[in-house]
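Student: Got a structure for you, written out below as structure tokens; questions coming shortly.
The values are calculated or read from the model by the stated rules, or taken from the named source; none is laboratory data. Not measured: the values here are computed from a predicted model. All Cβ positions, glycine included, derive from the backbone under ideal geometry; neighbour counts span all protein chains shown.
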Amino acid sequence: MSVGVAIYDDRIEIENAGMLPEEIPATQLVYGSHILDSHTSEPPNEIIARVMYYSGVIEHWGRGLSMIFEDCKQAGLKQPIVTDEKGVVRVTFMRPNLSSHKNGTINDTINDTINDTINDTEKLIYNRIVSTPGISAVTLANESGKSIITIKRALKRLVELNIIEYRGSKKTGGYFSL
């Protein structure tokens, strides 16, 4: 079996066939555990392990997990989760939630632009576009009770401010928030 890597929105899992030594339960592999630093390694094939060591591919056997834990700690990441089930050892790394920070920054910028530079009609139109992506100018005019000319003027300004964009054909397209 080859090494498996699975990448999800919230985590990365790396797995390989094999088992941890009996005296090393996966549940005890945590930050600060003496097991990470004091266990002896039992490579499944000592000859291959020795060749890998002498060729410089590995520093020495038995340090991989402790180095992974230390690197995660230094990077400020959550502790990796080690499982040992049905002949497969899996290390799960929880991904930092970067999107909430990124989205927060984008939303703050958009909100500042909207609140500081646009009038009430433009705010009304923008909020309607956010709640109904793809809405048309005619629908906005009908729902707001404002003239189509007023709506088009407001839409043009919102497009110029890079807050919204028009997508699609003139006949069937609509407005979307950025």
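Student: Given the conditions (1) touching a residue at least 24 places away in the same chain (Cβ under 8 Å); (2) touching a helix residue (DSSP H, G or I) at 6+ places or on another chain (Cβ under 8 Å), which single one is not true for GLY134?
Tutor: Of the numbered conditions (1) touching a residue at least 24 places away in the same chain (Cβ under 8 Å); (2) touching a helix residue (DSSP H, G or I) at 6+ places or on another chain (Cβ under 8 Å), the odd one out for GLY134 is (2).
Student: Tell me whether the range 47-58 contains one or more residues that are under 29 Å from PRO96 (Cα atoms), modelled with pLDDT under 75 and out of contact with any Leu (no Cβ under 6 Å at 6 or more places or on another chain).
Tutor: yes
Student: Which helices (runs of 4 or more DSSP H) does the range 59-175 wholly contain that include 2 or more residues that are at pLDDT below 80?
Tutor: Hits in the range 59-175: 64-74, 98-117.
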